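Let me begin by presenting the structure, written as structure tokens, before commenting on it.
The values are calculated or read from the model by the stated rules, or taken from the named source; none is laboratory data. This structure is a prediction, so every number in the text was calculated from the model and none was measured. Cβ coordinates were reconstructed from backbone atoms using ideal geometry, including for glycine residues, and neighbour counts include every protein chain displayed. Accessible surface is based on the protein model in full, side chains and every heavy atom, while ligands, DNA and RNA are left aside. Shrake-Rupley method; radii C 1.70, N 1.55, O 1.52, S 1.80 Å.
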Amino acid sequence: MSEQQRQSVFEILDQSELERGQRVKALYELGFTWADLEDEEYWLDAIALMHRDTYKELEEASSKLWAILDKAVRYVHLKRDLYELLGIPPVLWEMLDGCPMPEEGFISRYARFDFAIAHDGTIKLLELNADTPTGYVEASIATPWICEQAGMQSPNQGMKAQVAAAWQVERPDTAACVAYGSHLEDSGTIEALVKHSGLDIQCVDCLDLWVDNGILKDGEDRVIERMFALYPKEWMAVDEGGDALAYAVEQGNLQLFNGPHSILLQSKGLVAAVWGMYELGLLFDKEERETISRYILPTYNKPVFSGNFVSKSVFGREGGSVRMFDDIGALELEDEDGYDSSQLFPTVYQKRADLARITTSEGEFHLLTGMFVINGKPCGMLGRAGGLITGNASHFIALGVR
């Protein structure tokens, strides 16, 4: 362990000596059915404990950034030249203009920030998934259980109550994902959300849905009026039938959750817009500018850096499309596992940030810290351990607070 790791705001509690099989079985029964995937250990037998002061700052930073990005969306709304700059597909523009904008703080009721936190506690926002975040089961079910087994409290305990509060307002009648019943992670995610909502909601496969004259129906011809879907809205621009789904929303026959405007929050182009307005002295007050300066990385729509930057699609997911460039601007690393959506959508360029490096029984990893914002409240951390680019091959590690 390096001197930097010894003085880190993270402490690693190794649990590899505990009998893994029984713990994987216990987590399976709780709803976390993918702790092991095809003989690969997705869940790491360890807890990454964050210093309490760092956690409090992360929670406060999340609240402030949530308000800043909310304000930015309201500025962008109805400005189609800015939609284009953010990479919003034109098929969605009518929907965005016609649907009522949610009240302040609730453009998305189910979202997750991803942060880089360095060993010294420096916090930098990497991106916000405000449309279709996963990792909910790991954060809301597995993390509290793992922490409790180790005799610790988890700050994630309130996630279930926040989901229940959010869905009491939205009241979806259907929850959907692609390959429901066979894709373990997405199926488990919507099932957990439905269970925690306390509502009677039917789970379906997106591939069984169809639109009949502006009415969305499932494979049994049941009419769907209010749907939560792990279906990225930008896919409507490329999927067969995507324009019909958008039309159903435009006609008021279907309400989607998260709502249509969550795609404005989702676009990484919004972070570039916020940084641009910060540099120009527009829109934000003194306190907001201090928050932007402290937590948001310089992000642009053009490659203005001479070196030490990252490029990624405005709608890249799971590390897909990420390319890292070194101090002299040479390509150092690129994601080769995720889908490269930069072929379809614009690219943003962002200064690189330091992620803490942790050592576990499985090796050394970079630690990415997620913070869920549910019903407008930061309420649960997700730990992922992987390489410099956190993609599909990354591991889940429980995050606690010491």
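For the range 2-24, the residues whose amide N sits under 18 Å from a probe point set 7 Å from the Cα of Glu362 along the beta carbon direction are 11-24. Computed from backbone phi, the HN-Hα couplings of the range 33-39 come to 8, 10, 4, 10, 10, 6, 6 Hz, rounded to whole numbers (Karplus: 6.51 cos²θ - 1.76 cosθ + 1.60, θ = phi - 60°; Gly and Pro given as x).
Within the range 105-251, DSSP assigns beta bridges of which about 60% are antiparallel (rounded to the nearest 5).
Each label point is 7 Å from the Cα along the Cα-to-Cβ direction; what then is the distance between the points at Glu94 and Glu11, in nm? The modelled label-to-label distance comes out at 5.9 nm.
Only protein atoms count toward the accessible area here, which uses a 1.4 Å probe; on the range 233-341, the carbon and sulfur part of that area reaches 47 percent. Computed packing ranks the peptides 30-42, 290-302 as 290-302, 30-42, most packed first, by mean other Cβ atoms within 10 Å.
The protection proxy used here, the mean number of other Cβ atoms lying within 10 Å of each residue, ranks peptides 379-385, 354-360, 344-350, 303-309 as follows, highest first: 379-385, 344-350, 354-360, 303-309. Estimated from helices alone, the mean residue ellipticity of the chain at 222 nm is -9000 deg cm²/dmol (sum of -39500 (n - 2.57) over DSSP H runs with n ≥ 4, per residue). The spread of Cα positions in the range 138-295, taken along each principal axis and listed from longest to shortest, comes to 54, 48, 27 Å.
Rg/Rh for the chain (Cα atoms only, Rh after Kirkwood) is 0.95. Which helices count as membrane-span-like in the chain under these terms: full DSSP H, at least 27 Å along the axis by C-alpha, Kyte-Doolittle mean of -1.0 or more? TM-like helix candidates: 52-76. Out of all DSSP beta bridges with both ends in the chain, state the antiparallel percent to the nearest 5. Percentage antiparallel, nearest 5: 75. Overall, the accessible surface of the range 102-202 at a probe of 1.4 angstrom is composed of carbon and sulfur to the extent of 45 percent.
Accessible surface area normalised per residue over the range 52-182 is 38 Å², counting heavy atoms of protein chains with a 1.4 Å rolling probe. Straight Cα distances below 22 angstrom link Lys64 to the lysines Lys56, Lys124, Lys268, Lys286, Lys351, Lys377, with same-chain residues fewer than 8 positions distant left out. Coupling constants for the range 6-13 follow from the phi torsions by the Karplus curve (6.51 cos²θ - 1.76 cosθ + 1.60, θ = phi - 60°), and in residue order they are 5, 9, 6, 6, 10, 10, 9, 9 Hz; glycine and proline get x.
Between amide H atoms placed 1.01 Å from N, distances below 5 Å from Arg402 occur with Met50, His51, Arg52, all of them 5 or more places distant or on a separate chain.
Taken over the C-alpha atoms, the range 268-321 has Rg and Dmax values of 12.3, 35 angstrom.
Here the peptides 161-171, 44-54 are ranked by packing, the mean other Cβ count within 10 Å, and the order with the highest first is 44-54, 161-171. For the range 210-276 versus the range 321-377, the spacing of their alpha-carbon centroids is 27 Å. Projecting label points 7 angstrom from Cα along Cα→Cβ for Val304 and Asp212 puts them 5.3 nm apart. Computed over the range 23-64, the P(r) tail beyond 12 angstrom holds 70 percent of alpha carbon pairs. A cut-off of 5 Å between modelled amide H atoms, ignoring neighbours fewer than 5 places along the same chain, links Arg226 with Asp173, Thr174, Gln255. Binning all Cα-Cα separations of the range 266-383 at 10 Å, short to long from zero, yields these whole-percent fractions: 12, 34, 39, 14, 1.
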